[in-house]
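Notes to accompany the following structure.
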Amino acid sequence: MQASPKPLSDPREVAREADPRHSFPSMDSILTFRNVSKAYPTAGSAPREVLRDVSAEVGGGRAVAVVGRSGSGKSTLLHLAAGIDQPSAGEVELLGRSLGGLSDRERTLARRESVGLVFQFFHLLPQLPVIENVLLPAVIAGDRRALAEQRALALLERVELGGRADDLAEKLSGGEMQRVAICRALLRRPRLLLADEPTGNLDEQSGERVMELLLRLARDEGSALVYVTHSRELAARADETWRLHDGRLELA
């Protein structure tokens, strides 16, 4: 005799059973978009709508690729996730906390504590040694130097740059710079890692290596990862893919 299915007592799980894309957050939800829209003012009468009624969720340890044509709202989505920008409508939650109810300073502190950022153009300080570039988030946060430096050196070893810690950042190749930027983003053990075209400024071989490291380190650290890419091959490495088209989000 076949066993009866276990009843779902949590209403959020009931909703999820009916529709996996339901906007109720799961118990391990890191990032949630609830009916988020974003529009920017223009010189004309109507604002330019970039995102329209986006609802989605990222669970702990998941890797999500965001794809779409240029101007489809990919970077805007990441800026909203990090609390750098605010939605025109809807709600963004980070670790179950609504970013819309926070002041600018509170959003900055939430980002500092819980989010790591990786950019296309690295944003390293070229005249500083590699180790000092990695340590910047800890310096800004006032963390203990000894512990932060130990963590930074361990991360550099994991991306095969342990021997370059004292070299100036300007002496590195593009791929090496991006690996340093990944170490910097992971230094304070963020729950959410956001990467905007992390391989967009690299050749194909370097880009492949950087993406492999980014995915592996995020997984090893237990960080949720959301990354923007134009590459179908790199998007295919994620646990799921979000496609933005005309400001709306589709699960690819």
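Here are a few things to note about the model shown:
- In the range 92-114, the residues that are free of Cβ contacts under 8 Å to residues at least 60 places away in the same chain and of a type outside the set (A, V, I, L, M) reach residues that are surrounded by 16 or more Cβ atoms within 10 Å (Cβ to Cβ) and in a helix (DSSP H, G or I) with C-beta atoms within less than 8 angstrom, at least six apart or across chains, in these pairs: R97/A110; R107/L99.
- Across the range 116-125, a minimum of one residue is classified as crowded, with 20+ Cβ neighbours inside 10 Å, among the small types (G, A, S) and within 17 Å of A218 (Cα to Cα).
- Residue in the range 125-137 that is among the acidic types (D, E) and in contact (Cβ under 8 Å) with a residue 24 or more places away in the chain present: no
- If you go through the range 179-222 and keep only what is assigned to a loop (DSSP other than H, G, I, E, B) and modelled with pLDDT of 95 or more, you end up with L187, R188, R189, P190, R191.
- Filter pass, L99 being exposed (fewer than 13 other Cβ atoms within 10 Å of the Cβ) and among the hydrophobic types (A, V, I, L, M, F, W, C): no
- Residue check, E170 surrounded by fewer than 17 Cβ atoms within 10 Å (Cβ to Cβ), under 20 Å from the mean Cα position of the chain (by Cα) and not hydrophobic (A, V, I, L, M, F, W, C): no
So that you can scan it fast, the table gives a plain yes or no per residue for (1) out of contact with any His (no Cβ under 7 Å at 6 or more places or on another chain); (2) modelled with pLDDT under 95:
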{"residue": "G68", "(1), (2)": "no, yes"}
{"residue": "G71", "(1), (2)": "yes, yes"}
{"residue": "G90", "(1), (2)": "yes, no"}
{"residue": "L94", "(1), (2)": "yes, no"}
{"residue": "R97", "(1), (2)": "yes, yes"}
{"residue": "R112", "(1), (2)": "yes, yes"}
{"residue": "Q120", "(1), (2)": "yes, yes"}
{"residue": "V130", "(1), (2)": "yes, no"}
{"residue": "P137", "(1), (2)": "yes, no"}
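- Whether a residue is modelled with pLDDT of 85 or more, among the hydroxyl-bearing types (S, T, Y) and either closer than 22 Å to R69 by Cα or out of contact with any helix residue (DSSP H, G or I) (no Cβ under 8 Å at 6 or more places or on another chain) (or both) was assessed, and T42 does not pass this test.
- Qualifying residue in the range 94-108 (condition: in a helix (DSSP H, G or I), on the phi < 0 side of the Ramachandran plot and touching a Cys at 6+ places or on another chain (Cβ under 9 Å)): no
- Residue count for the range 126-162 satisfying the condition of being surrounded by fewer than 15 Cβ atoms within 10 Å (Cβ to Cβ), small (G, A, S) and assigned to a helix (DSSP H, G or I): 4.
- Of the residues making up the range 76-96, those that are under 17 Å from D246 (Cα atoms) and either crowded, with 19+ Cβ neighbours inside 10 Å or in contact with a helix residue (DSSP H, G or I) (Cβ under 9 Å, 6 or more places away or on another chain) (or both) are T76, L77, L78, P87.
The values are calculated or read from the model by the stated rules, or taken from the named source; none is laboratory data. Since the model is a prediction, treat every value here as computed from it, not as a measurement. Cβ atoms come from the backbone with ideal geometry, glycine included; neighbour counts cover every protein chain shown.
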